[in-house]
Amino acid sequence: MSDLTETDKRLVDILSRDSRISNAELADQVGLSASSCWRRVRALEDSGVIRGYTVTLDDEKMGFGFKSIVHVQLTRHDPDKVSAFIRAIREREEVRACYATTGQSDYHLHVVCPDLAAYNRFLEDFLFRIPAVASAQTNLILRPIKE
């Protein structure tokens, strides 16, 4: 399902803003019957356009007052070391997202911690102990603009 119709795009847009919307309300907003809307959403799920539904957490209320983007450079791109890096990153609750990128850094991590001391422990006790990691540069997140 690579060619999305305008209705499909509207469905995806509405669901991306509120995935808990009822099927009846969603159908009403896009001008479809409830059964037709359900079938279209199901087709979007089956085709992989919609991969899943998530919740958006409030970092402050979860106790994560320290938020950063960490730019990681690897020593080498040895497949075994890269795989070990990826496995380790996937295991850490502090890492909300990880992206392999082009440019000066190899990976960009979205990291949350309770405070600066916890972040320092994350760096020293975890990130810098991964053999593939050569360096990491941290940018603090001051405030979200779009999530």
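Worth pointing out:
- Mean projected area (nm²) of the alpha-carbon convex hull when region 6-46 is viewed from all directions: 2.4 nm²
- About the Cα centre, charge dipole magnitude for region 6-46 (Lys/Arg +1, Asp/Glu -1 at Cβ), debye: 40 debye
- Look at 61, 81 and count the other Cβ atoms within 10 Å of each Cβ; fewest to most, that gives 61, 81.
- Taking the C-alpha atoms only, the angle from helix 79-91 to the longest principal axis of the chain is near 70 degrees.
- Overall dimensions of region 66-140 by Cα: Rg and Dmax, Å: 11.4, 33
- For the chain, the longest principal axis of the C-alpha atoms and the axis of helix 34-46 are separated by about 30°.
- All-pairs Cα distance distribution in region 1-140, expressed in whole percent, bin size 10 Å: 10, 31, 20, 23, 14, 2
- Sorting 6, 25, 94 by the number of Cβ atoms found within 10 Å of their own Cβ, with the fewest placed first, yields 6, 25, 94.
- Principal-axis tilt of helix 116-125 within the chain, Cα atoms, nearest 10 degrees: 70 degrees
- Residues of region 98-120 with amide N under 18 Å of the 7 Å Cα→Cβ point at residue 19: 98
- Structure remark: mean-square fluctuation, Gaussian network model of the chain, C-alpha springs under 10 Å; the largest value among 68, 105, 33 belongs to 33.
No lab work stands behind these numbers, since they all come straight from the coordinates. Worth saying up front: this structure is predicted, and the values here are computed from it rather than measured. A quick note on method: Cβ atoms are made from the backbone with ideal geometry, for glycine too, and the neighbour counts reach across all protein chains shown.
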